[in-house]
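To start, the structure itself, in structure tokens.
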Amino acid sequence: MKTFKYILLLFISLILLNCEQIDVIESDIPYNEFYVVNARLVGGTSDVKVSFTKSFPIEQNLQREDVALKDITAYIWSETQGIFPLKYEGDGIYAPTNQLIINEGVKYELYGKYNEERIYSVTEVPNRPSVVEAKLQGDYILCEVIPNNGSVYAVKYMLNSSDKNFESFSEDIFFEVSEKVTDTLNTTKVRTSSIPLAYYDNSENYIVKVVLYSFDEAYKDYFSTRENNKPIENIFSEGGGSVYWNVYGENTIGLFIGYTKTTIEIK
């Protein structure tokens, strides 16, 4: 019995010692630099921006200009519209030298080169789906669509006050993104998060809308894994795994994604 007590005491002591040294352990975590690419191609718009930056150790206090990649050679290409070279505008942001109107149903490819390393991605901007119904159901808005192949869907609510006496609300983060579909004959349903309780106190003073996002299906993989890179709060748990990115290249991560938006007023 005494032997067991000594072993237990030793085990607890080791745990306490390790807990006291957490800051030392974390400071020794190796750091690998990555190039980070970020671009959203919105159907029907011409405001095309591509961000090229690099990652940095969390203990460094840097400005965006410090992590901007300023010597990228890059262009966007589509089979129907041709080549659009990208020029540097500052803070790691690049834009086409000529106006590029993003068309629905078109596939766009991104090509880049930095320090002899090549960067590549491809996305297709979905066509807008046919909306079967959008309605307030319980405390959220449910949207039902006829899906297009290769697309996934998400929605956000917008509650606009009809006068200045009440606060307006809009959803910041998607509640869910629909599953990928192989059968486009069946409808797809997707919902918002819960609407603020303040709406129900004065519902007659609000104009209710829902914004339907139609994404390239690669966004579903990103959305499902996006929280895997969150810091681990419990030191005795395992990490979540990798985040899915659709930008490819040596030491390169990022999201180059096409989507369209449809705004629907809820009656």
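State yes or no: is ALA134 of a type in the set (Gly, Ala, Ser), in the same structural domain as VAL208 (by TED's automatic domain parsing), closer than 13 Å to ILE266 by Cα and in contact with an Asp or Glu (Cβ under 8 Å, 6 or more places away or on another chain)?
Values: of a type in the set (Gly, Ala, Ser): yes; in the same structural domain as VAL208 (by TED's automatic domain parsing): yes; closer than 13 Å to ILE266 by Cα: yes; in contact with an Asp or Glu (Cβ under 8 Å, 6 or more places away or on another chain): yes.
When the stated conditions are applied, ALA134 passes them.
For the structure I just gave you, tell me whether ILE173 is assigned to a strand (DSSP E or B), out of contact with any Asp or Glu (no Cβ under 8 Å at 6 or more places or on another chain) and closer than 30 Å to ASN205 by Cα. Lay out the reasoning, then the answer.
Numbers: assigned to a strand (DSSP E or B): no; out of contact with any Asp or Glu (no Cβ under 8 Å at 6 or more places or on another chain): yes; closer than 30 Å to ASN205 by Cα: yes.
No; evaluated as a whole, the condition is false for this residue.
Of these, GLU217, GLU167, which one is surrounded by fewer than 16 Cβ atoms within 10 Å (Cβ to Cβ) and among the charged types (D, E, K, R)?
Result of the check over GLU217, GLU167: GLU167.
Being of a type in the set (S, T, N, Q) and in contact with a helix residue (DSSP H, G or I) (Cβ under 9 Å, 6 or more places away or on another chain) is the filter; apply it to the stretch 206-259 and report the residue that is modelled with the highest pLDDT.
First, the residues of the stretch 206-259 that are of a type in the set (S, T, N, Q): 214, 224-225, 228-229, 234, 237, 242, 246, 251-252.
Now restrict to residues that are in contact with a helix residue (DSSP H, G or I) (Cβ under 9 Å, 6 or more places away or on another chain): 242, 246.
Numbers: SER242: 87, ASN246: 96.
Ranking the qualifying residues of the stretch 206-259, first place goes to ASN246.
So, of the residues in the stretch 143-164 that are within 16 Å of ILE207 (Cα to Cα) and in contact with a strand residue (DSSP E or B) (Cβ under 8 Å, 6 or more places away or on another chain), which turns out to be surrounded by the fewest Cβ atoms within 10 Å (Cβ to Cβ)? Break it down stepwise before answering.
As a first pass, look at the stretch 143-164 and keep what is within 16 Å of ILE207 (Cα to Cα): 156-164.
Still in the list and also in contact with a strand residue (DSSP E or B) (Cβ under 8 Å, 6 or more places away or on another chain): 156-162.
Numbers: LYS156: 19, TYR157: 23, MET158: 20, LEU159: 21, ASN160: 14, SER161: 15, SER162: 12.
Step by step, filter the stretch 143-164, then rank; the result is SER162.
The values are calculated or read from the model by the stated rules, or taken from the named source; none is laboratory data. The model shown is predicted, which means the values in this text are computed figures rather than measured ones. Neighbour counts run over all protein chains shown; Cβ positions are idealised from the backbone, glycine included.
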